[in-house]
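Here's the structure, in structure tokens; my notes come after.
The values are calculated or read from the model by the stated rules, or taken from the named source; none is laboratory data. All of these numbers come straight from a predicted model, not from anything done at the bench. Heads up, the Cβs are rebuilt from the backbone with ideal geometry, glycines too, and the neighbour counts pull from every protein chain shown.
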Amino acid sequence: MFSPAHSGANAYSRVGVETGVMGASPHKQITLLYQGARQAIALARMHLQAGNVGPRCEAVAKAIRIVESGLQLALNLEAGGQIAQRLNALYSYMTRRLLEANINQSETMLIEVDGLLATLEEAWVGIGPEVARMGEQSSAPPPGSLTR
């Protein structure tokens, strides 16, 4: 169906995406997970509106995988304290709502989860400068130390 050149271009683009993710900071990786989950939900909504059951299910499943295997799995429940516990519960809620949205063909539920992810993404992006500053401080030599 596609020419060998087209498949080569697809492979090249996949490598570019994978390299971008692998080279990203942990903070950026979480940002990419939020974006990926939201894109999957947008795709699910589009397929829901068009009546495309299979592709809708695939898009919802992708969003669920990103939330469970990406965002939720990235939580450090011991070090993160109450914030991590609350995020864990929220991610579990989002997963349930996505599953219900798919079963009930509910765009309202998809919109709800997208809104929750958007709020978390906005907050996460907002702390980016502070995370970068902290990273610079931790990688800088201590004051008064000798550098070569």
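Observations
- Qualifying residue in segment 51-71 (condition: closer than 19 Å to His27 by Cβ and in contact with an Asp or Glu (Cβ under 9 Å, 6 or more places away or on another chain)): no
- Close pairs from segment 24-47: first farther than 12 Å from Ala118 by Cα, partner polar (S, T, N, Q) and at pLDDT 95 or above, Cβ under 8 Å, at least 6 apart: Ala44/Asn102
- Test: residue in segment 5-21 that is among the polar types (S, T, N, Q), at pLDDT below 95, under 30 Å from Val131 (Cβ atoms) and not in a loop (DSSP other than H, G, I, E, B): yes
- Residue within segment 128-139 that is modelled with pLDDT under 95, out of contact with any Leu (no Cβ under 7 Å at 6 or more places or on another chain) and not in a helix (DSSP H, G or I) present: no
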